[in-house]
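Working notes for the structure below.
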Amino acid sequence: MLARIRSVEDALTPEFRVHILPPEPEREAFYKDMAPRVRGLFTFSGPGPRIDGALLSKLPNVEVIANLGVGHESVDLAAAKNHGVVVANAGSVNAVDVAEHAIGLMIDAGRAISAGDRHVRAGLWASKGRMKLTHRLSGRKLGILGLGSIGLEIAKRAESFAMPIAYHNRKPRHDVPYRYVDNLVELAKDVDILIAAAPGGAETHHMINHDVMVALGEKGIIVNVGRGSVVDEGALISALKDGTLGGAALDVFENEPHVPLELMDMPSVVLQPHVAGATYEGFAAAVEMIALNLRAHFSGKPVLTPVTAD
């Protein structure tokens, strides 16, 4: 089993022989030495080596790939399928954690909390007085892009703010009380705040584009806790600069961990280092799900949370 996070290694070691992926200069020798023995791969979405056909060809005995978290961008699903490799993620174990963070970002951007903190720390309260008024969040209209497990938890929490909630998915859900809108631009026209909780990939690439930002308007706010690729960062920067859009709160970015300097310089933007799901409880649950998936696979049973290529 290859691993890249030592705390996960500690969690898996009682049942599996875990090997840490070495630095780049040592990897080829490592692959050659380990190829006959590696039957599974552990990875996570984010910067780092991608598990693709070339890597799987170097490790022909791999049977299963386990991804920490709900994402799977670090795995080429088509290549895994071609090699007969099962792919699993951690399911929805950290949906609550991401939803909490999304609501926190919405409050921060909507009520200028981080901006207020900077105002006080810079001594501007004493020298320039109070900040401008903000808008009440309660009663404002919320749109959610991606009403999966995370989006649903966001919606449940937003109800406490008496927010009318609408959403856009690939298809409507019939088990929720929220209004479905089949066009994202139309959804944006009808809401004040848009929270993205959609997965990455070609289907959602730049779904939140210039047209969506124009539809949200000069008081509109975008919150992204899905994947950075869902939002067109270039269009976002332009819309914030020229006042087309009111603000943004971002936990994910297109080229992590690199964040455009323009975003860093904007007082109307809240920035986070992809930590929405990073709680002790969420991490422990994700590691446990990884162990359950691996245990199931190597005992001849289906994994609990499979990921398949479309």
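Assess whether Asp242 counts as being acidic (Asp, Glu) and surrounded by 17 or more Cβ atoms within 10 Å (Cβ to Cβ). Spell out how you get there, then give the answer.
Working: acidic (Asp, Glu): yes; surrounded by 17 or more Cβ atoms within 10 Å (Cβ to Cβ): no.
Against the criterion (acidic (Asp, Glu) and surrounded by 17 or more Cβ atoms within 10 Å (Cβ to Cβ)), Asp242 does not qualify.
I need the full set of residues from the stretch 131-171 which are crowded, with 22+ Cβ neighbours inside 10 Å and in a loop (DSSP other than H, G, I, E, B), in order please. Across the stretch 131-171, the qualifying residues are Gly146, Leu147. Screening the candidates Gly129, Gly104, Gly151 for the property of being modelled with pLDDT of 95 or more and over 28 Å from Leu184 (Cβ atoms) yields one hit, Gly129.
Counting only helices (runs of 4 or more DSSP H) that sit wholly inside the stretch 178-246, those with at least 1 residues that are aliphatic (A, V, I, L, M), free of Cβ contacts under 8 Å to residues at least 60 places away in the same chain and closer than 20 Å to Glu153 by Cα are 184-189. If you go through the stretch 256-273 and keep only what is under 25 Å from Ala90 (Cα atoms) and at pLDDT below 95, you end up with Glu256, Pro257. Taken together, the residues in the stretch 288-310 that are touching a strand residue (DSSP E or B) at 6+ places or on another chain (Cβ under 7 Å) and part of a helix (DSSP H, G or I) amount to 4.
Within the stretch 132-144, which residues are closer than 25 Å to Lys189 by Cα and out of contact with any Lys or Arg (no Cβ under 6 Å at 6 or more places or on another chain)? Step through it out loud before you land on a result.
First, the residues of the stretch 132-144 that are closer than 25 Å to Lys189 by Cα: 133-144.
Residues satisfying the conditions are Leu133, His135, Arg136, Leu137, Ser138, Gly139, Arg140, Lys141, Leu142, Gly143, Ile144.
Of the residues that make up the stretch 58-68, is at least one of a type in the set (Gly, Ala, Ser) and in the same structural domain as Arg173 (by TED's automatic domain parsing)? Taking every residue of the stretch 58-68 in turn, none turns out to be of a type in the set (Gly, Ala, Ser) and in the same structural domain as Arg173 (by TED's automatic domain parsing).
Does Ala99 count as in contact with a helix residue (DSSP H, G or I) (Cβ under 7 Å, 6 or more places away or on another chain) and in contact (Cβ under 8 Å) with a residue 12 or more places away in the chain? Outline the logic, then answer.
Numbers: in contact with a helix residue (DSSP H, G or I) (Cβ under 7 Å, 6 or more places away or on another chain): yes; in contact (Cβ under 8 Å) with a residue 12 or more places away in the chain: yes.
Criteria met by Ala99.
The values are calculated or read from the model by the stated rules, or taken from the named source; none is laboratory data. Because the structure is predicted, anything quoted here is derived from the model rather than measured. Neighbour counts are summed over all protein chains in view; Cβ atoms, including those assigned to glycine, are modelled from backbone coordinates with ideal geometry.
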